[in-house]
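Step one of this worksheet: look at the structure below.
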Amino acid sequence: MNPHINLLNGEARLYRSKINFFSFYKIKIKHKVLMYLILSIFFMAGASVNAFAQTAQKRVLGTFYYLGKVYNYEFIKNDINLYSFSISSITEDTKKVVSEQPDEAISDTTGVAGFDTNIDSLGATPTDTTENTTTDTAKKDNSVSVFSDFNKDAFVAEFQNVMESRYNVKRNNNLRDKGVELFFSISAKLEFIDDEPITANVILKKDYVKSFLIANSSPYYSSILSKIIVDHYISKVDVETEDGAIKNIIVNVVYPWEVKKNVRSPRRVLEFKNTFPISISGKHDPERFSKVNLYCFDCGGVRGLNRYIKLSDLLFLDLVLANDKEDYSPANSTIHLDPGNPIRELKKEKRSKILDIAAFSDFVGLDQEQPNGLIQIEAKRKININTKYKPLKNLGIDQDIASKYDLTRYDFKQIKDQKKGSENMVAYEVIPKKTSLNRDANQPDQLKGAAKSEKSNSAVDTVYIYTNEFKPGYYNFFASVEPRLLFSKLDGNNKFILLDQAQTDSKRLNPLKNFQYQLVSFGATLNFLKFYYPQSKLTWNAIDVGTYWYHSRVQEIKDSTTNNSTPLNNGYVFVSSLVTFRPDSRWGVNLGASYILQKTFNNDYKFDHNKGLLQANFDAFIKTNDDSKLFFRYRWIFDGHNFNNNFTQIQLGYSLNIFTGSNGKK
């Protein structure tokens, strides 16, 4: 066989094998590209479908006023083509209840006075007591209008239908204008991307509230406020939120005998207040409103007359859910509620305020011989942990008549018990009602004998109510944690810790110097125990603990010509105590002390002793506007081993919202 032919055949086979290899490789590449393309299409299609399928629900609660009546509304965007709208009003019920208010009366028997004279309906709202006589029109109040297209004409038409059919409001141009106004208000809230997301709605549950008697130790007063239960018309409710809690709530209610006269003078009201902050940061906190009482001490100016109302009878906190949110703390703010404005929004902090950033300079650092920071930038964030508080002193009113006895079966008469009476105790005789003498199924053991004689209407028991003078003050544990990041720009001549020959040989560092020369630090402070004294305008962080990492650099004598240095990673823990005096939101001062224990994380260098550092500090600030404040700081840090080894920091700084534009928008 011709060798040339064999050679040609071999080259041909080799050529064909190359073609087959590259063809196969190209096919594999094409398959991979096609596979990635298909997966990308499916991914984008799935994302698009998911975007269209999962529309976040938006809910708008509000109030509007029309023809002398207050109406509440709820609008919900359930999906892109599914909306619901409902209107409710309790104005008519309130008017009916107010008309039943009795005139002031004086009685020896402590009973019930207020809107509802039927004790068996105790705890029921006016709507509850008239449930059996509710008209067909009133029954439609809870109906919900559902529509698929949210536009002005459709909404206004439905709004007019609801007002006309449920509340007998005449259809005219004024009603149409109110519907248009409401449409644009709801539309703006739906479309607006809020920098302050709503975390809850505070709702005033009714226009009136029941107050309960704690005790009446007054020797002369026996009028309507000495009765066990009295109904009041609510004039206004002011709420202040701070650090994830209702710090202050003041409820003004109209005097009972003036409700019938429709008098709402600010000079004729009773005030009920909280004795310590009420937590609203957790999802179960609203359920605990039933355990919170608001008190009226020396009520109506009568010394020894104390009453309370239940927070759960007054307010409802409607939480707004969101993904990845466990803290429902609102921003520090104040809101106002009244029967004409029963719904208010609680919002989170603005995103621009989540981080508090301040820049400051150290006057001592201007001296070129001192390494204190010429310019320092500090960023921090206070995070609420435990927002539940306890009073420093118990009021001694764990039980009162209203919570201890069945008021539908017994009357109570205040007496003077010479044997057990004192300034802090009031005695009441328990007298069974004639209509309840046969009911002994669930009575206390000491009262079962009273049911044996229907003719007897004498006292069967004596109850003693103990009261202590209220002394404001409260405390809590683990209130907050505050991460902090600090950058220091040191003077060029003092960037490093310059070691002398002895320190270079021994590799021993002065702990005070190392602390003074820190360039950057990061850590967190935990508030372990905190006391509040609102009457003295003082807050005492009794125990704060924290841990920080910081960075510094050392330079040995041999490196002074080359300007080389060795970086050091260090850490410290501390315990401190701080007293804050803040009489006004516009200014305040702090005074505190700390003990600091350090450690350097380096194999070559160690501290020459480890007896810790002591620090005394004084701070003051004044707010220049809502977003900025000017502050002054003084620090005196000295070595626990040698008090003469110390340094000071005198800092003047300015905390500014750097995200605020020139027009003031954030």
Step by step: find N for segment 569-666, compute 2.2 N^0.38 Å, then divide the Cα radius of gyration by it. What's the final number?
1.44
For segment 594-635, run through the chymotrypsin sites (Phe, Trp or Tyr not before Pro) and keep only the ones in DSSP coil with at most 10 other Cβ atoms within 10 Å of their Cβ.
PHE601
Within 10 Å of each candidate Cβ there may be at most 14 other Cβ atoms; applying that plus a DSSP loop requirement, which chymotrypsin sites (Phe, Trp or Tyr not before Pro) in segment 318-366 survive?
PHE363
Extension gain from ILE354 to VAL144, taking 0.36 nm per residue of separation minus the Cα-Cα distance
71.8 nm
Between ARG381 and ALA331, how many nm apart are label points set 7 Å from Cα along the C-beta direction?
1.6
Here, LYS152 and SER458, labelled 7 Å along Cα→Cβ, have an inter-label distance in nm of 8.0
In segment 277-367, lysine pairs closer than 23 Å at Cα, eight or more apart or cross-chain
11
Roughly how many Å is it from the Cα centre of segment 535-556 to that of segment 143-194, as a whole number?
56
Label-to-label distance, nm, for residues given as ASP298 and ASP604 (7 Å Cα→Cβ offset):
7.2
Given the peptides 215-226, 236-247, arrange them by the average over their residues of other C-beta atoms within 10 Å, most packed first.
236-247, 215-226
What does the net charge come to around ILE543 if you take all other residues with beta carbon closer than 15 Å to its beta carbon, with K and R at +1 and D and E at -1?
-1
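At 1.4 Å probe size, put ASP285, ASP559, ASP626 in order of accessible surface, largest to smallest.
Of ASP285, ASP559, ASP626, the descending order of accessible area is ASP626, ASP559, ASP285.
How big is D, in µm² s⁻¹, for segment 143-232 by Stokes-Einstein at 20 °C and 1.002 mPa s if Rh is the Kirkwood radius over C-alpha pairs?
Here the translational diffusion coefficient equals 120 µm²/s.
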What residues qualify as long-range amide H neighbours of VAL292, i.e. H under 5 Å apart, gap of 5 or more or another chain, H built at 1.01 Å from N?
LEU311, SER312
Residues of segment 142-180 with amide nitrogen under 16 Å from the 7 Å Cα-to-Cβ point of SER187?
148-160, 176-180
Computed FRET value (nearest 0.05) for ARG268 with VAL573, which takes r as the C-beta separation and R₀ as 45 Å:
0.20
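The values are calculated or read from the model by the stated rules, or taken from the named source; none is laboratory data. Since the model is a prediction, treat every value here as computed from it, not as a measurement. Virtual Cβ from ideal backbone geometry, glycine too; neighbours counted across all protein chains shown. With ligands, DNA and RNA removed, areas are computed over all heavy atoms of the protein, side chains included. Shrake-Rupley method; radii C 1.70, N 1.55, O 1.52, S 1.80 Å.
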